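Each remark here refers to the structure printed beneath this line.
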Amino acid sequence: DLGGGSGAYSINAVQSYPGLEAVVLDLPPVVEVTKEYLAENGVSDRVSTLAADFTADDFPAADVVVMASNLPIYDEAVVAQVVAKAFAALEPGGEMHLVGEMVTDDRTGPLDAAMWGLAEALSGGAGKAHTIGQCRGYFEAAGFEEVGDEVFVAGTLQRVFGRKVG
């Protein structure tokens, strides 16, 4: 879980699927707090942490990579690089899921996703409202196949996904 913060996605995943193990990769000060959430939820034995910067550091081998709810912070080059690094780290048959505030390709909405990009611009981030098509393009350029997208949370979050065939 890239930039997994509290570990909420990983906690929910291992609670829902008993055989699953997960790793939350986030910055060193963040994973110290993540460890507290993992302990509070009784999943420290199945969810570990890795102190790293996913925009700069390599990823460990994985079956699934998730990057969720931090997309507007980064520009196109960084997101494309992260998706490519995820592809390189995935085992054959593995998949990546990018869940984020994406706007439609004609940039007419949804408003909440556009506002996230604006908020990032005002707070000093890259301030990008990536389109669904751009995100699909990051996956295709990295070598993913079976690339698709779907609404994750109506009006706010979209999910783009792809599989590393081989």
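The values are calculated or read from the model by the stated rules, or taken from the named source; none is laboratory data. This structure is a prediction, so every number in the text was calculated from the model and none was measured. Surface accessibility is based on the protein's heavy atoms, side chains included, excluding ligands, DNA and RNA. Shrake-Rupley method; radii C 1.70, N 1.55, O 1.52, S 1.80 Å.
Which of the aspartates and glutamates could be linked to residue 128 by a straight reach, that is with a Cα gap under 18 Å, when you skip same-chain ones fewer than 8 residues away?
Leaving aside aspartates and glutamates fewer than 8 places away in the same chain, those within reach of residue 128 are 75, 76, 101, 105, 106, 112, 120.
Of (1) 21.8; (2) 17.2; (3) 16.1, which one was derived for Kirkwood radius over Cα pairs in Å from the structure shown?
Label (3) holds the value from this structure.
Below 20 Å, Cα to Cα, which lysines can residue 164 reach? Residues fewer than 8 away in the same chain don't count.
Excluding near neighbours in sequence, the set is 85.
Under 5 Å between amide hydrogens, which residues at least 5 positions from residue 157 or on another chain qualify, with H placed 1.01 Å from N in the peptide plane?
152
Work out how much length residue 56 to residue 146 would gain on full extension: take 0.36 nm times their residue separation and subtract the Cα-Cα distance, in nm to one decimal.
29.7 nm
What span do the alpha-carbon atoms of the range 12-94 cover on each of the three principal axes, reported in whole Å from largest to smallest?
Answer, in whole Å and largest first: 37, 31, 19 Å.
Taking a probe of 1.4 Å, how large is the accessible area per residue of the chain, in Å²?
49
Which percent of the accessible area of the chain is formed by carbon and sulfur heavy atoms (probe 1.4 angstrom)?
Whole-percent figure for carbon plus sulfur exposure: 55.
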